[in-house]
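Participant: I am attaching a structure below and will ask some questions about it afterwards.
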Amino acid sequence: MRLTGTAQRLTIIVGDSTHWHHKPLFTEIVHRAHEAGLAGATVLHGVEGFGATSRIHTSRILSLSEDLPVVIIIVDSHDRIAAFLPQLDELVSEGLVILDDAEVIRYVGTNPEGTGGGHSPVDTAWPDAPGPER
């Protein structure tokens, strides 16, 4: 998949303790984005934050929280992001969903031969790939 030029960034912020059918919500969002054929998704785990409840959640040892912020970032074309939004209506009951325009400068992956230009499905182990057993 090639992605260059004008795109849209979808940012979703939820708590890490939020679940969808017994698995983390952020996992469900990433898997649905993958199934929808979006260009990619990244999950970042926050160390501190507060949201609509104004309650501060932190990873500091004296005030450990069980609901730290998780940020999911997805970048793709405006049309593909718009087509994905109804799924977020179903999934995100508490949290923040942000859309903003982005300019993609470089989007390069590797294919099984180790050259640029491709991307692979989640959790796919390529034959003869270097690294630990999967």
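Participant: Once label points are set 7 Å from the Cα along Cα→Cβ at both R106 and A83, what is their separation, rounded to one decimal in nm?
Facilitator: Between R106 and A83, the simple spin-label model gives 2.9 nm.
Participant: Give the span of segment 1-55's Cα atoms along each principal axis, as three whole-Å numbers ordered largest to smallest.
Facilitator: If we take the Cα atoms of segment 1-55, the spans are 41, 26, 17 Å.
Participant: I'd like the Karplus ³J(HN,Hα) series for segment 24-30: coefficients 6.51, -1.76, 1.60, θ = phi - 60°, whole numbers in Hz, and an x wherever there's a Gly or Pro.
Facilitator: x, 4, 4, 5, 4, 5, 4
Participant: Taking loop as defined by DSSP and a crowding limit of 15 other beta carbons within 10 Å, which chymotrypsin sites (Phe, Trp or Tyr not before Pro) in segment 19-56 fit? Intermediate values should be presented prior to the final figure.
Facilitator: Numbers: sites: W20, F26, F50; in loops: F50.
Sites meeting the loop and neighbour criteria: F50.
Participant: Using a Förster distance of 35 angstrom, determine the FRET efficiency expected from the C-beta separation of H34 and D67, and round it to 0.05.
Facilitator: That pair, H34 with D67, gives E of 0.90.
Participant: With each pseudo-label sitting 7 Å past Cα toward Cβ, what's the H22-T53 distance in nm, one decimal?
Facilitator: Taking the two extended label points, one gets 2.4 nm.
All of the numbers you see were taken from the coordinates with simple rules; none came from a lab. Not measured: the values here are computed from a predicted model. Neighbour counts run over all protein chains shown; Cβ positions are idealised from the backbone, glycine included.
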